[in-house]
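The values are calculated or read from the model by the stated rules, or taken from the named source; none is laboratory data. Treat the numbers as computed from the prediction; the structure is a model and nothing was measured. Neighbour counts are summed over all protein chains in view; Cβ atoms, including those assigned to glycine, are modelled from backbone coordinates with ideal geometry.
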Protein chains: 2
Amino acid sequence: MNAELAEALKRAAADVEAAMDALVPVPETLEARVHESMRYSLFAGGKRLRPFLVMASGDLFHVPRAQSVRAAAAIEMIHTYSLIHDDLPCMDDDDLRRGKPTNHRQFDEATAVLAGDALQPKAIEVLLDPATDADREIRIALAMTLVQAAGAEGMVGGQMIDLQAETTSYDLDQISRLQNMKTGALIAWSCEAGAILGHATGAERAALKAYGLDLGLAFQIADDILDIEASPEEMGKATAKDADAGKETFITLMGLDGARARAAELVHNAVARLDLFGERAFLLREVAEYVINRRS
Amino acid sequence: MNAELAEALKRAAADVEAAMDALVPVPETLEARVHESMRYSLFAGGKRLRPFLVMASGDLFHVPRAQSVRAAAAIEMIHTYSLIHDDLPCMDDDDLRRGKPTNHRQFDEATAVLAGDALQPKAIEVLLDPATDADREIRIALAMTLVQAAGAEGMVGGQMIDLQAETTSYDLDQISRLQNMKTGALIAWSCEAGAILGHATGAERAALKAYGLDLGLAFQIADDILDIEASPEEMGKATAKDADAGKETFITLMGLDGARARAAELVHNAVARLDLFGERAFLLREVAEYVINRRS
């Protein structure tokens, strides 16, 4: 990985973790357990890709980090809630996530459901707080686009399609739509959020959102490839689950070489969306290359 | 029940159901199942008490019904999501709700989790839409107070405390706080929302919120009494569950007569909060009496 990108990812992770630490304290009251459960998953590590994308996009428009880190915390809360619920026994039934027990294994199923349920409103609360932006129109745009990306027309809808994948054969268009909803919507929001905070032009905002969608799909194809090629130790979670479940993936539909070529094409397209930002978008170009070349 | 109140409740239910019907259509795409699951629980009946409270509070300030019905739909979506998740096997493990199979019995657990997950962002989307109020400050106030009432500091926190009630003995203050968070917060929001939409004074808004909190606690005590006295057929769900689980309730702590007296006192207090609205608050006074005298 490019050294400057490695440094920027590290800094974004540290910044968003400090923000989340302040935003989700543990009270001394009887409901403390749900806060502990929220924090357990919020601080379980991870690449913090989405927070990085929010802040790197915001940097293009000189958005103060004190503001963009709040949008970064919000998207990481939504992402974390989705992981907690996806890992539940009734969903993917996973015991490990990033090498640690999943939330419901560490706490219990009921607490895991509640921790996810509470992360969702907390994310919206963070976005709507005046500290995120003094301009109400900006705050509403951030919250409105996030709930649309997270709901039945976005991430949850994608997860619904995914759940039916074990019994339904999808074609390439259907798999692409599934992944655009399940993974792409939140990644695209991360890029768009920086533009919203930066009072970007419509063209700039659309370019960043399109970059995020291409990147999200490339990320997912890379995930499918890692699911086959990487070990559970490298990934910190069970692998080869899709293949074992008989689900169609980009690889079953395109072959390994075809999937690799498609991911490279998507990254090429994603990077091309950034032309209008010139040299300033260096880190966003680098992270796109990293996404398909990572080993975990 | 007072005939005028019966008519008003019926109209509020019809209005909010029409609004929800328009707000949650079923698409022809692969994720249709999650929309069907959301609608199954949204249209499973119920008293629609919270929507009524939003609209009756809004009426005090001549809020157009086309606006207050949207806030009413939002709170009913949050309430419905909480019922779907509370009924899950890992929570209360209920098979019946309002005399019909619970969501996870009708669909499956994974779909029920997702339906609840999707109702939450949909509620926020409805509130933040300009159709709810042209004034952005009003929309932000509605959404912000709702996410605070629904999250770990409100409803979810109350549910977390409730989950621990089977193994922890709570005293009366703790049970009251639990119920204020779990049930009271959403009922208080319903009353406050009408005031927010109505550009009410601080005193008016505080009075309606306090009325809602008193009403919510009275409602919960009445529920505890019905849990003992009513049959499963009358309630449309399993009864005597708290007593069977060895949980403290208002009745185990105060006795049946003590609980009745406390509920009556709370209704008296709730009604007194409405003094500043004079005769206009007739329906809100009536519904408070109804809440502790209902048979289901």
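Residue check, B:P121 against (1) part of a loop (DSSP other than H, G, I, E, B); (2) in contact with a Gly (Cβ under 7 Å, 6 or more places away or on another chain); (3) not aliphatic (A, V, I, L, M), all met but one. Which one?
All conditions pass for B:P121, except number (1).
Which residues, counting only those in the range A:68-90, are assigned to a loop (DSSP other than H, G, I, E, B) and under 18 Å from A:Y40 (Cβ atoms)?
A:D87, A:L88, A:P89
Counting only residues that are closer than 30 Å to B:L197 by Cα and not basic (K, R), how many does the range B:87-134 have?
Number satisfying all stated conditions: 19.
Could you tell me which of the residues A:I75, A:I124 is crowded, with 24+ Cβ neighbours inside 10 Å and more than 9 Å from chain B (Cβ to nearest Cβ)?
A:I75
For the range A:127-147, give me the residue count where each residue is out of contact with any Asp or Glu (no Cβ under 7 Å at 6 or more places or on another chain) and either facing chain B (nearest Cβ under 7 Å) or within 18 Å of B:H79 (Cα to Cα) (or both).
Final tally of qualifying residues: 4.
Can you tell which of B:Q159, B:Q179 is more than 9 Å from chain A (Cβ to nearest Cβ), buried (at least 21 other Cβ atoms within 10 Å of the Cβ) and touching a residue at least 24 places away in the same chain (Cβ under 8 Å)?
So the residue among B:Q159, B:Q179 that is more than 9 Å from chain A (Cβ to nearest Cβ), buried (at least 21 other Cβ atoms within 10 Å of the Cβ) and touching a residue at least 24 places away in the same chain (Cβ under 8 Å) is B:Q179.
Of all the residues that make up the range A:32-60, how many are small (G, A, S) and at positive phi?
The total comes to 2.
From the list A:A152, A:A165, exactly one residue is within 14 Å of chain B (Cβ to nearest Cβ), free of Cβ contacts under 8 Å to residues at least 12 places away in the same chain and in contact with a helix residue (DSSP H, G or I) (Cβ under 8 Å, 6 or more places away or on another chain). Which is it?
Every option except A:A152 fails the conditions.
Which numbered condition in (1) touching a Gly at 6+ places or on another chain (Cβ under 8 Å); (2) within 10 Å of chain A (Cβ to nearest Cβ) is the only one that B:G99 fails?
Only one criterion in (1) touching a Gly at 6+ places or on another chain (Cβ under 8 Å); (2) within 10 Å of chain A (Cβ to nearest Cβ) is unmet by B:G99, namely (2).
The conditions are (1) within 14 Å of chain A (Cβ to nearest Cβ); (2) crowded, with 20+ Cβ neighbours inside 10 Å, and B:P89 fails exactly one of them. Which is it?
(2)
Suppose we filter the range A:243-274 for residues that are acidic (D, E) and in contact (Cβ under 8 Å) with a residue 60 or more places away in the chain; how many remain?
Residues that pass the stated criteria total 1.
Can you tell me how many residues in the range A:17-67 are hydroxyl-bearing (S, T, Y), within 16 Å of the chain's Cα centre (by Cα) and either away from chain B (no Cβ under 14 Å) or assigned to a loop (DSSP other than H, G, I, E, B) (or both)?
The total comes to 1.
Anything in the range B:105-118 that is at the interface with another protein chain (Cβ under 9 Å from one of its Cβ atoms) and part of a helix (DSSP H, G or I)? List them, or say none.
B:E109, B:A110, B:T111, B:A112, B:V113, B:L114, B:A115, B:G116, B:D117, B:A118
Could you tell me whether A:D117 is at pLDDT 95 or above, in contact with a His (Cβ under 8 Å, 6 or more places away or on another chain) and of a type outside the set (V, I, T)?
So A:D117 passes the test.
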